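Single-structure report; data block below.
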Amino acid sequence: MKKLIVANWKENKTRGEVLEWLKVFLKEFAGGQDFSRTILCASYPLLYPLRRELEQRRISLKLGAQDVSRFEQGAYTGEVSLRQLVDLVDYVLLGHSERQKYFGETLEDVAAKIRLCQKYGLKTLIFLRSVADLKEIKKNISSFKGAFLVYEPPSAISQKGVYRAQDSTAVAEAASAFKREAGGTGRVLYGGSVNAESIGSFLACPEIDGVVVGQASLEPVVFARIVKSA
Ligand code: PGA
C-alpha cells in the first residue's frame, strides 16, 4: 500500500499564502500526478478556498481539518461541528498533543470525537503519545474503523524550526506495538521532526504506513521533495 504523507500546517498561513503554496507545490510536478495519498491539514477558514481550488483544477490532493467539536451541534460558541466539515474534508486530525497541552483536551474528548467521525464516515488520524493513550481511548470506542493511528511523541516535535531527529528503528518498533494493541489491522503513521532528509529512513520501514510533517510542510518546495520521496 502506498504510504500516506500528511502536511500539518498548524496555526500557520492565510488564504493568500495557501493558494500561493499550492501554486509553487504543483509546479514541482509534471502534471497528472496521483496525490490521493497526500493530505493537507489546514485551519478551518482555509478549507473552503482550498477545496474550491482543488476541485476547479481537478487535483487529487486530500484535505484534513486539524480538529473538530466533540458536540454534534448546538450552543457551543466557537466550535466547528462535523456536520459543517463533512463535505469539505476527507480526514480529521484528532488528539494532537498540542490540543492537550494548550487547550486541555482529554483522551475522553478524543474518544467522543472518534465516535462522531465514525458516525459521519470521516477518516481520522488519531495522534497518540504512547500505547497507554491507545489503551485508554479503546475503553470508550467500539472500533478503530476509518482510523489511522499516528505515533507522535511530544518530545520529537520540532521546536522553533529546530528538528529533533529520531531513530527510525525505535519508531518502527513502537509502530508494531501500536498495531498489536489496535488488533493487528491498524495502520500506523509517525510524526515528529520528519523532513526531506529524514523521511527516507521512516518510509523504508514496512511497519510505518506514512508520516505527518509539520514544520517541513510549510515550504512548498521542501514538501514536494518529501512527497516525491514517497
Ligand atoms: P513537526 O510537527 O514535523 O514540526 O515536528 C509534527 C506535528 O506536530 O504534527
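The values are calculated or read from the model by the stated rules, or taken from the named source; none is laboratory data. Since we're looking at a predicted model, the values are computed, not measured. All Cβ positions, glycine included, derive from the backbone under ideal geometry; neighbour counts span all protein chains shown. Heavy atoms of the whole protein, side chains included, go into the accessibility calculation; ligands, DNA and RNA do not. Shrake-Rupley method; radii C 1.70, N 1.55, O 1.52, S 1.80 Å.
Among the conditions (1) over 20 Å from the mean Cα position of the chain (by Cα); (2) under 16 Å from Phe223 (Cα atoms); (3) without any contact (Cβ under 8 Å) to a residue 60 or more places away in the chain, Glu72 misses just one, which is (2).
Of the numbered criteria (1) open to solvent by less than 60 Å² (accessible area, probe 1.4 Å); (2) within 11 Å of the ligand (Cβ to nearest atom); (3) not polar (S, T, N, Q), the one Arg164 fails is (1). Only a single item in (1) in a helix (DSSP H, G or I); (2) within 19 Å of the chain's Cα centre (by Cα) is not met by Glu181, and it is number (2).
Pick from Leu50, Leu46, Leu22, Leu26: which is part of a helix (DSSP H, G or I), open to solvent by less than 40 Å² (accessible area, probe 1.4 Å) and under 30 Å from Glu207 (Cα atoms)? Break it down into steps so the answer makes sense when it comes.
Details: Leu50 fails: under 30 Å from Glu207 (Cα atoms); Leu46 fails: under 30 Å from Glu207 (Cα atoms); Leu22 fails: under 30 Å from Glu207 (Cα atoms).
After ruling out the rest, the residue left standing is Leu26.
Report whether or not Ala204 is more than 18 Å from the chain's Cα centre (by Cα) and either surrounded by fewer than 20 Cβ atoms within 10 Å (Cβ to Cβ) or modelled with pLDDT under 95 (or both).
yes
Residues in the stretch 176-212 that are in contact with a helix residue (DSSP H, G or I) (Cβ under 6 Å, 6 or more places away or on another chain) and β-branched (Val, Ile, Thr): Val188, Ile199, Ile208, Val211. Residues in the stretch 9-19 that are in contact with a Leu (Cβ under 8 Å, 6 or more places away or on another chain), open to solvent by 10 Å² or more (accessible area, probe 1.4 Å) and within 16 Å of Gly214 (Cβ to Cβ): Asn12, Lys13. Across the stretch 63-82, a minimum of one residue is classified as of a type in the set (Gly, Ala, Ser), surrounded by 15 or more Cβ atoms within 10 Å (Cβ to Cβ) and either away from the ligand (no atom under 16 Å from the Cβ) or part of a helix (DSSP H, G or I) (or both). The set of residues in the stretch 1-50 that are in contact with a strand residue (DSSP E or B) (Cβ under 6 Å, 6 or more places away or on another chain) and either farther than 17 Å from Ser217 by Cβ or not aliphatic (A, V, I, L, M) (or both) comprises Lys3, Asn8, Trp9, Arg37, Thr38, Cys41.
Within the stretch 92-107, can one find any residue that is among the aromatic types (Phe, Trp, Tyr), surrounded by fewer than 20 Cβ atoms within 10 Å (Cβ to Cβ) and either within 16 Å of the ligand (Cβ to nearest atom) or at pLDDT 95 or above (or both)?
Initially, the stretch 92-107 is screened for residues among the aromatic types (Phe, Trp, Tyr), giving 102-103.
Then drop every residue that is not surrounded by fewer than 20 Cβ atoms within 10 Å (Cβ to Cβ), which leaves 102-103.
Now restrict to residues that are either within 16 Å of the ligand (Cβ to nearest atom) or at pLDDT 95 or above (or both): 102-103.
Looking for residues that are among the aromatic types (Phe, Trp, Tyr), surrounded by fewer than 20 Cβ atoms within 10 Å (Cβ to Cβ) and either within 16 Å of the ligand (Cβ to nearest atom) or at pLDDT 95 or above (or both), one finds at least one in the stretch 92-107, hence yes.
Within the stretch 108-129, is even one residue buried (at least 20 other Cβ atoms within 10 Å of the Cβ), over 14 Å from the mean Cα position of the chain (by Cα), within 16 Å of the ligand (Cβ to nearest atom) and in contact (Cβ under 8 Å) with a residue 24 or more places away in the chain? Scanning the stretch 108-129 turns up at least one residue that is buried (at least 20 other Cβ atoms within 10 Å of the Cβ), over 14 Å from the mean Cα position of the chain (by Cα), within 16 Å of the ligand (Cβ to nearest atom) and in contact (Cβ under 8 Å) with a residue 24 or more places away in the chain. Only one of the listed residues (Ala132, Ala196, Ala170, Ala175) is surrounded by 13 or more Cβ atoms within 10 Å (Cβ to Cβ), assigned to a helix (DSSP H, G or I), on the phi < 0 side of the Ramachandran plot and not acidic (Asp, Glu). That residue is Ala175.
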